[in-house]
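Got a structure for you, questions after.
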Amino acid sequence: MSELFNLLIDIGNSQIKIAIWDGDSLRKRSTCNQNNFNLAISKYKKIDIGKIFFVSVVSTDINREIRTKLQKIFALKPMQFRATRSLMGVKNGYKNPSQLGDDRWCCVVGGHITIAKPFMVVDCGSAISVDFVNFNGKHEGGYILSGFEGYGDSFLHTHRLKNLKIKKINLSTRTSIAKETSDALVKGYILMVTSAIEKMYKEFATNIKYKPKLIITGPYSREIFSHTSLKAKFEPDFALKCLGIISGEY
């Protein structure tokens, strides 16, 4: 009898990540969007899939559509991971647990299982979310910052900036004083985000009297990771990895 694998899907606002969990690590990772999801997922049809797990931040209608496609292709009922009050020894820090993003809760629970020490996870996507977990596996809560696209949109009503095309953040960008407006906007964003992350980290470390592990993840985590002065671990697919760890418990 051949080995069965768990199929993992992380559905974000701008991209969808897919991978196989072999019980220990991610394999056959791929990235797509909603428009080419059918083509991307079809590449996994020949793999022996035992269970399907997905975490999502999109609408109920889109989730239903994707769930239907998955059932049709694999003849399995996908399991959607959702935020709860507690799970696997971790307590949700939100007053209303369901308000915490399912992807954030996935990182909190999976992170605690693997790290087993205080940690801070920064997810750089359409928005930047920051979450904190203490020694006891309690989620302390978090912050939400503007993503890069939203930051650019904030200047649409500023007369001299609304028609300016903002450059993308890249690894070579430095936060030295800018000499032109487009650079000033990009460098200002990098400085704003990294300064906020560093301040949050230092305050959390002071409060718990311990240097927590810092995880930076998400679609443009590499760019933020390359500009922070803190010691951090770059994990671009952390939510997917955490979903795999959690799936192993079911």
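Derivation of every value follows stated rules applied to the coordinates shown; laboratory data play no part. Note that the structure is predicted; figures quoted are calculated from it, not measured. Positions of Cβ are backbone-derived with ideal geometry, glycine not excepted, and every protein chain shown enters the neighbour counts.
If the cut-off is 12 Å between C-alpha atoms, which aspartates and glutamates fall inside it for Lys95, apart from same-chain ones fewer than 8 positions away?
Excluding near neighbours in sequence, the set is Glu140.
Let's test the formula: R0 of 35 Å, r as the Cβ-Cβ distance of Arg29 and Leu230. What FRET efficiency results, to the nearest 0.05?
0.85
Under a crude label model (7 Å from the Cα following the beta-carbon direction), how far is Gln15 from Thr206 in nanometres?
Taking the two extended label points, one gets 3.6 nm.
Could you order peptides 235-243, 47-55 by the average number of other Cβ atoms within 10 Å of their residues, highest first?
Top to bottom by mean Cβ count within 10 Å: 235-243, 47-55.
I need the phi-derived Karplus couplings for the range 58-72: 6.51 cos²θ - 1.76 cosθ + 1.60, θ = phi - 60°, integer Hz, Gly and Pro marked x.
These are the phi-based 3J(HN,Hα) values: 8, 5, 4, 5, 5, 4, 5, 5, 5, 4, 5, 4, 5, 4, 5 Hz.
Below 17 Å, Cα to Cα, which aspartates and glutamates can Lys45 reach? Residues fewer than 8 away in the same chain don't count.
Hits, sequence-local ones excluded: Glu3, Asp22.
Students often get this wrong, so check it: of Lys51/Lys138; Lys51/Lys241; Lys17/Lys187, which have C-alpha atoms separated by over 21 Å?
Checking Cα-Cα distances, Lys51/Lys138; Lys17/Lys187 exceed 21 Å.
May I pose another question? Cα axis of helix 181-208 to longest principal axis of the chain: angle in degrees, 0 to 90, nearest 10?
That helix lies at roughly 70 degrees to the long axis.
Expressed in nm to one decimal, what extension gain is obtained for the pair Ile177 and Asp153 from 0.36 nm per residue of sequence separation less their Cα-Cα distance?
Value of the extension gain: 6.4 nm.
Among 211-220, 90-99, how do they line up from the highest to the lowest mean number of other beta-carbon atoms within 10 Å?
Packing proxy ranking, top to bottom: 211-220, 90-99.
What is the list of residues in the range 228-250 whose amide nitrogen lies under 17 Å from a point 7 angstrom out from the Cα of Leu76, following Cα to Cβ?
The answer is 240-250.
In whole Å, what is the distance between the alpha-carbon centres of the range 85-150 and the range 190-223?
13 Å
While we're here: For the residue pair Ile115 and Arg85, what label-to-label distance in nm results when each label sits 7 Å from Cα along the Cα-to-beta-carbon direction?
That separation, rounded to one decimal, is 2.6 nm.
Filter the cross-link list Lys91/Lys231; Lys28/Lys77; Lys43/Lys233 down to pairs whose alpha-carbon distance in this structure exceeds 23 Å.
The pairs that break the limit, which is 23 Å between Cα atoms, are Lys91/Lys231; Lys43/Lys233.
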